[in-house]
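Read the structure below first, then the notes.
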Amino acid sequence: MGVYLDFNSTAPIDERVLEEMIKIYRNTPGNADSRTHTFGDDARQAVETARADVASLLGVDKDEVFFTSGATESNNIAIQGLKEYAEKNGKKHIITTSVEHKAVLGTCKALEQQGFEVSYVNPKADGRVSVEEVTELVRDDTVLVSIMHVNNETGIIQPIKEIGEFLADKETFFHIDATQSFGKLVDELKAIKYDMLSMSAHKISGPQGVGALVLRKKRYKLPPVKGIMYGGQQERGIRPGTIPIALVVGLGTACVLVASEYKQNQEKCLTIKNALLEELNASGVKYEINGDQNYCVPSTLNICFNGVSSEALMLSTKQYCGISNGSACNSKSYEPSYVLTAMGIPTEKIENSVRISWGAESDCEDVVTSFKELLAVAKSLAAF
Ligand code: PMP
């Protein structure tokens, strides 16, 4: 099996999170929306504590946090949920980037088919979009700008702080997909002005299948987002359906843990990154790093091994490590990464690129050992 190096796709659950979840499964049988017994009260209390923990990590109000099944759903609600407002107000223009997660791109495509106009901004070769290019596109009828904080394939950080500043006094909503930065770039996220934020628990060693949509109040009012499913009144109608208490508590616990550990976590990740770069440089393998490393998170490397097919490399290194060449959400069929394509990287280089991502709990020595094996394989494959 080797060493797991695909944390951007999902991070293994933290034992401490799992323990709290098991306690809930064992001892809290109620439904958080039941009002007729103490079982319901206990469940509700667990949910509200978790909500406060998420809010505290982000520096937002508790009533701005809405639990969902994860970032895919949060992105869908944030974008589709504005449809009615947009149509009523004649604001049917959306701005996003061509390197967003498919949960944003797919939702935008669906709205295009329903009469919306969407502008897609391409990144530069460094992986970042230009602030000016985004802000120049904003018009009176622009209802939404949706931009990710950190790209899942490259780890590149987008200039959303500047874009948020520009939009703060405009009548355009700003949604950020913070799935890859939540619980990691904690101080940076607190400083960003946004109206909506999406994230998933499993990227910070919480459980899969839960996340949140944060809706920030402006002049005491939430953005005019409507739920996209019919059903109960849970999560004030934004996300109907029985709240999965253990999952929500898992998310809350993961938030509490990263709130006190994120600085050490980032340092540990950086130590691993530096060690990998050192090995890479010493190996004699011909490579290029995709994306400007001055703007990259310390837990991701997207590497092009010149002349080495990524598919061959991944298959031949399966016993050493688990890496990927793109988002797991698109990996059913191999197509050159649309993210790297949008950065202007030639197809043959994309076919030679792999994503390696790790977490603070990764053991540096194990990671380096497996990476050395990978480098040896890359060398032998390049020789063909
Ligand atoms: N946005 C980004 C940036 C992501 O990396 C992911 C997960 N790969 C998602 C959204 C979707 O998250 P989930 O699969 O948990 O719904």
Just to confirm the number: angle between the C-alpha axis of helix 38-58 and the first principal axis of the chain, 0 to 90 degrees, nearest 10?
50 degrees
Hits among aspartates and glutamates - C-alpha to C-alpha of Lys268 under 13 Å, sequence gap 8 or more where chains match:
Glu361, Asp363, Glu365
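Mind listing which trypsin sites (Lys or Arg not before Pro) in the stretch 159-254 are in a DSSP loop and have 13 or fewer other Cβ atoms within 10 Å?
Loop-located and lightly packed - Lys170, Lys217, Arg219, Lys226.
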Note down the magnitude of the dipole of the stretch 15-256 about its Cα centre, charges +1 on Lys and Arg C-beta and -1 on Asp and Glu C-beta and zero elsewhere, to the nearest 20 debye.
460 debye
List, in order, the whole-Hz ³J(HN,Hα) value for each residue of the stretch 335-345 obtained from phi through the Karplus relation with A = 6.51, B = -1.76, C = 1.60 and θ = phi - 60°; use x for Gly and Pro.
9, x, 3, 5, 5, 5, 4, 5, 7, x, 7
Hey, which aspartates and glutamates would be in cross-link range of Lys217, C-alpha to C-alpha under 17 Å, not counting anything within fewer than 8 residues on its own chain?
Asp61, Asp63, Glu64, Glu165, Asp169, Glu171, Asp195, Glu235
Given Leu301, Thr341, Ala312, which one lies farthest toward the positive end of the charge dipole of the stretch 293-384, if we put +1 on the Cβ of every Lys and Arg and -1 on the Cβ of every Asp and Glu?
Thr341
Relative to the longest principal Cα axis of the chain, at what angle does helix 245-283 sit, 0 to 90 degrees, rounded to 10?
20 degrees
Please report the base-10 log of the normalised intensity I(q)/I(0) for the stretch 247-292, using a Debye sum with one equal scatterer per alpha carbon and no solvent, at each q in 0.21, 0.24, 0.33 (1/Å).
-0.77, -0.86, -1.08
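Name the shape class, rounded, prolate or oblate, that the alpha-carbon gyration tensor gives for the stretch 132-214, where a ≥ b ≥ c are the square roots of its eigenvalues, rounded holds for a/c under 1.5, and otherwise prolate holds if a/b is larger than b/c and oblate otherwise.
Working: a/c = 2.19, a/b = 1.85, b/c = 1.19.
Cα axes put the stretch 132-214 in the prolate bin.
Only loop residues by DSSP count here, and only those with at most 12 other Cβ atoms within 10 Å; note down the chymotrypsin sites (Phe, Trp or Tyr not before Pro) in the stretch 227-319 that meet that.
Tyr230
Just to confirm a number: summing +1 for Lys and Arg and -1 for Asp and Glu over residues other than Asn290 whose beta-carbon lies under 10 angstrom from that of Asn290, what do you get?
-2
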Have a look at Val47, Ile95, Ala71 and report the one farthest towards the positive end of the charge dipole of the stretch 1-99, computed about the Cα centre with Cβ charges (Lys/Arg +1, Asp/Glu -1).
Ile95
Nearest 500 deg cm²/dmol is fine: what mean residue ellipticity at 222 nm does the chain get from its DSSP H runs of n ≥ 4 alone, each adding -39,500 (n - 2.57), divided by its residue count?
-12500 deg cm²/dmol
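By the gyration tensor of its Cα atoms, with a ≥ b ≥ c the square roots of the eigenvalues, what is the shape of the chain: rounded for a/c under 1.5, prolate for a/b over b/c, or oblate? The partial results should precede the final answer.
On the way: a/c = 2.07, a/b = 1.29, b/c = 1.60.
Oblate is the answer for the chain, as a/c is 1.5 or above yet b/c matches or exceeds a/b.
Filter the GluC sites (Glu not before Pro) in the stretch 166-258 to those in DSSP coil with at most 14 other Cβ atoms within 10 Å of their Cβ, and list the result.
Answer in residue order: Glu171.
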Report the calculated FRET efficiency for Arg16 and Thr271 (r = Cβ-Cβ distance, R0 = 25 Å), to the nearest 0.05.
0.65
For the stretch 214-261, with only Lys/Arg (+1) and Asp/Glu (-1) charged at the beta-carbon, what is the dipole magnitude about the Cα centre, in debye rounded to 20?
500 debye
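How much of the DSSP beta bridge set in the chain is antiparallel, as a percent to the nearest 5?
Antiparallel bridges: around 50 percent, rounded to the nearest 5.
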Taking the dipole of the chain about the Cα centre (Lys, Arg +1; Asp, Glu -1; charges at Cβ), the one of Ala376, Ala246, Cys321 that reaches farthest to the positive side is Ala246
How charged is the neighbourhood of Glu188? Take every other residue with its Cβ under 14 Å from the Cβ of Glu188, and add Lys/Arg as +1 and Asp/Glu as -1.
+2
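Computed from the coordinates by the stated procedures, all read-outs in this text should not be read as laboratory data. Keep in mind that what you see is a predicted model, and the values were worked out from it rather than measured. Note: ideal-geometry Cβ built from the backbone for every residue, glycine included; neighbour counts use all protein chains shown.
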